[in-house]
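The block underneath contains the structure these notes are about, expressed in structure tokens.
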Amino acid sequence: MSSIPAAPHRVPLLRPRECVVGGVSVGLARHLGWRVSTVRWLFAATSLLAGAGILFYAWLWSTVPVEEPVTDARAPAPPIRHRIPLRWVGVTACLVAAVVLLFVWEDTGGVASGLMFTLAVLLAAVGVLGPWAIRLWHELMAERTKRVREEERAEMAAHLHDSVLQTLALIQNRAGASSEVARIARAQERELREWLYAGVGTADSDLASDLKDYAAALELDYAVRFDVVAVGQSTERSSGELAAAAREAMLNAARHAGGDVSVYIEGSTSAVDVFIRDRGPGFDAAQVPEHRLGVRESIIGRMRRAGGSGTVGRGAGGAGTEVHLHFDGGRRDEQ
Amino acid sequence: MSEAITVVVVDDHSIFRSGLRADLDERVLVVGEAGDVDSAVTAVAEHRPQVVLLDVHLPGGQGGGGAEVISRASPRAPGTRFLALSVSDSAEDVVGVIRAGARGYITKGSSGAEVSRAVATVAGGDAVFSPRLAGFVLDAFGAAAGEQAQTDEELDRLSAREREVMRLIARGYSYKEVAAELFISIKTVETHVSAVLRKLQLSSRHELTAWALERRLL
């Protein structure tokens, strides 16, 4: 009698944490020392025998424990990953069950199997549509919350509109356009308006909104009132040379002219034009001494170097100054 | 300018009404005031002023604000013209009132002299366009994108001349300055502006109607 060969060391029957469906085949194959594909084929083949394979698989799935995670104990265990989502496994199982029950029902005509068939189909439908319905519900709720919030905001805006903005407007025209009080009221109005209607406007990186911001800043420092009108789609960036030249012209208008200054930005498909017009004492480009670089360099020169053009002249009727900046659309790729 | 222009001021803020009243010059005579839609309709029908200075946002009535006043009061006071006065400086807001029949709009930040001048212009049958409203018109009619009317009858686009006028107004030119710049008479400028106003009121361009419909609070 030879000694009984030592039983080969068997891997304990455990399901891996990373699996295709339930990890049963892999776990069983490791335990028995077989190839995984063999086990899978066996399950498939026995499934044809009145579903024995499926039942055995389901039984093992429910009874065999999952292997311990390899990470240290303090960290939370990573979730078990199924390569085929459990939802689809469930749906497939329900559909298979439905087909089987349909055959049974046709054979026996029993009420129970009919009910079971209906139940299986319903479960499959829930499995398919459930997550979608939940997501839809969440979106609906989010939408509602957002709408309620917007309504509240609009209500508050309406209230402030009726009280504070009116008062600020009144202060402005009672105090005279370029007085200190009017300037503060105007700045306050602008701030409040921006806060109230934030999000209504477009992104703030384009030329028009940049110049509007700059106008607001200048109004605080100088006795000036800007009226910025923007027309058309401006693709011009606020960082461009055009914006820099326009800001310089606005600063000049605020510093030397004051009063009402009009800024008009027109962006067409082929070109961008900016007009800055003041009603100050006027300005003659030819009479500016050589060493005064402001206009010549920072406006006209800058525009020419960037491939556009800048002209400074008298406003209509010889009153004030008008600066006209022009850029052709095709040549706007600076440097 | 021998006789003063009769005006009814409609605004729901009594402080603003009295402030405006004090600021208007002697060309203008305020004959009545109102603070909401219903009293405004009554006041206009009773006084039949030449011009109504009308706030865009008003309580009362069906909730239609200034536009409602125009549509209800104008049949009862045929000669009266309406000038919209708004705290808002966004022209979208005013499109509803303009389309209801107002002859122009100015912001409440305007000085008393500016308001008086605008009242005189409107009383004379002409339209009052602020630079912002002109800019809005250029945008709404696609003028910046190069759309141009082929005939004078066309309502959905601006003619080349109208576009020029609007551009100059948007640049801050007064009617007089526009006339000098384009070598035309002031009367011609006013005719062009009135024609644009008419287009603004009658055009069925999608943008205009959409804006008028979902007119925001401000």
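The figures follow:
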| item | result |
| --- | --- |
| For A:ILE84: the one exception among (1) of a type in the set (A, V, I, L, M); (2) outside any loop (DSSP other than H, G, I, E, B); (3) open to solvent by 60 Å² or more (accessible area, probe 1.4 Å) | (2) |
| Qualifying position, being more than 14 Å from the chain's Cα centre (by Cα) and of a type in the set (Lys, Arg), among B:ARG103, B:ARG99, B:ARG21 | B:ARG21 |
| Residue in segment B:160-179 that is nearest to the other protein chains (Cβ to nearest Cβ), counting only those that are touching a residue at least 12 places away in the same chain (Cβ under 8 Å) and in a loop (DSSP other than H, G, I, E, B) | B:GLY172 |
| Test: residue in segment B:31-41 that is among the aliphatic types (A, V, I, L, M), open to solvent by 60 Å² or more (accessible area, probe 1.4 Å), more than 14 Å from chain A (Cβ to nearest Cβ) and under 21 Å from B:GLY104 (Cβ atoms) | no |
| Candidate set from segment B:180-196 (those that are within 18 Å of the chain's Cα centre (by Cα) and β-branched (Val, Ile, Thr)); member that is farthest from the other protein chains (Cβ to nearest Cβ) | B:THR191 |
| Number of the condition not met by A:GLU18 [criteria: (1) under 30 Å from A:PRO131 (Cα atoms); (2) open to solvent by 80 Å² or more (accessible area, probe 1.4 Å); (3) free of Cβ contacts under 8 Å to residues at least 60 places away in the same chain] | (3) |
| Every residue from segment B:42-61 that is within 14 Å of chain A (Cβ to nearest Cβ), under 17 Å from the mean Cα position of the chain (by Cα) and open to solvent by 10 Å² or more (accessible area, probe 1.4 Å) | B:HIS57, B:LEU58 |
| Qualifying positions in segment B:96-138 - over 24 Å from A:VAL231 (Cα atoms), among the hydroxyl-bearing types (Ser, Thr, Tyr) and at the interface with chain A (Cβ under 10 Å from one of its Cβ atoms) | B:SER111 |
| Given (1) in a helix (DSSP H, G or I); (2) more than 22 Å from A:VAL263 (Cα to Cα); (3) open to solvent by less than 50 Å² (accessible area, probe 1.4 Å); (4) at pLDDT below 85, number of the condition B:GLU154 does not satisfy | (1) |
| Residue that is within 39 Å of the chain's Cα centre (by Cα) and among the aromatic types (Phe, Trp, Tyr), where the choices are A:TRP88, A:TRP59, A:TRP41 | A:TRP88 |
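Rundown of residues vs (1) assigned to a loop (DSSP other than H, G, I, E, B); (2) within 19 Å of B:ALA77 (Cβ to Cβ); (3) among the acidic types (Asp, Glu); (4) in contact (Cβ under 8 Å) with a residue 60 or more places away in the chain, yes/no style:
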position	(1), (2), (3), (4)
B:ASP12	yes, no, yes, no
B:ARG17	no, no, no, no
B:GLU33	no, yes, yes, no
B:SER39	no, yes, no, no
B:VAL44	no, yes, no, no
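The rows are residues; the columns are (1) out of contact with any Leu (no Cβ under 6 Å at 6 or more places or on another chain); (2) open to solvent by 100 Å² or more (accessible area, probe 1.4 Å); (3) at pLDDT 80 or above.
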| position | (1), (2), (3) |
| --- | --- |
| A:VAL104 | yes, no, no |
| A:ALA125 | yes, no, yes |
| A:GLY130 | yes, no, yes |
| A:LEU170 | yes, no, no |
| A:ARG174 | yes, yes, no |
| A:ALA203 | yes, no, no |
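The values are calculated or read from the model by the stated rules, or taken from the named source; none is laboratory data. On a predicted model such as this, the values are computed, not experimentally measured, just so you know. Heads up, the Cβs are rebuilt from the backbone with ideal geometry, glycines too, and the neighbour counts pull from every protein chain shown. When the accessible area is computed, the model is the full protein with side chains, heavy atoms only, and any ligands, DNA or RNA have been set aside. Shrake-Rupley method; radii C 1.70, N 1.55, O 1.52, S 1.80 Å.
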